[in-house]
Amino acid sequence: PDLIVQVISKLLEDLVARNDQLPLVPAQVTPFHSSRPPAITVRNYLEDRILKYAGCSEETVILALIYIDQVVQFNPEFVINSLNVHRLLITAIMLASKFFDDVYYNNAYYARVGGISNSEVNSLEMEM
């Protein structure tokens, strides 16, 4: 999954860098938005947190990217930026893992891996 992780990380980091230049409109704020960007890069978040501790398959990572794309396709006003990319990623990975992988963890585990609360990951799951 190393090459896939590099490609997806680069894609998301470039998208975030571009979209962070846009003004944040209050109507665009969603439950995925944090009050400030996390200190960890998208690549480190994906490699050092999600893949290291959740151990999902390469296919799951690709499916998660498709889920993220679907969020944007069905919500044209949704802009992926540094305030929401991490929560979007952990939620998409969690859902993709539940759908595709034979073995996956419970929501509380993904919440710990992602650095968010269990109630928040449950809410984000329903939102996605």
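The values are calculated or read from the model by the stated rules, or taken from the named source; none is laboratory data. Keep in mind that what you see is a predicted model, and the values were worked out from it rather than measured. Reconstructed Cβ throughout: ideal geometry from the backbone, glycine too, with neighbour counts over all protein chains shown. Heavy atoms of the whole protein, side chains included, go into the accessibility calculation; ligands, DNA and RNA do not. Shrake-Rupley method; radii C 1.70, N 1.55, O 1.52, S 1.80 Å.
Some observations on this one:
- Entry comment: accessible area of the chain is 56 Å² per residue, from protein heavy atoms only and a probe of 1.4 Å.
- Protein accessible area in the chain, 1.4 Å probe - carbon and sulfur %: 56 percent
- Kirkwood hydrodynamic radius of the chain, Cα pairs, Å: 14.6 Å
- Cα-based equivalent ellipsoid, the range 31-79: semi-axes from gyration tensor eigenvalues, Å: 21, 18, 7
- Distance (nanometres) between label positions extended 7 Å along Cα→Cβ at Asn75 and Ser57: 2.8 nm
- Helical runs assigned H by DSSP (4 residues or longer) give the chain a calculated mean residue ellipticity at 222 nm of -17500 deg cm²/dmol, each run adding -39500 (n - 2.57) before division by the residue total.
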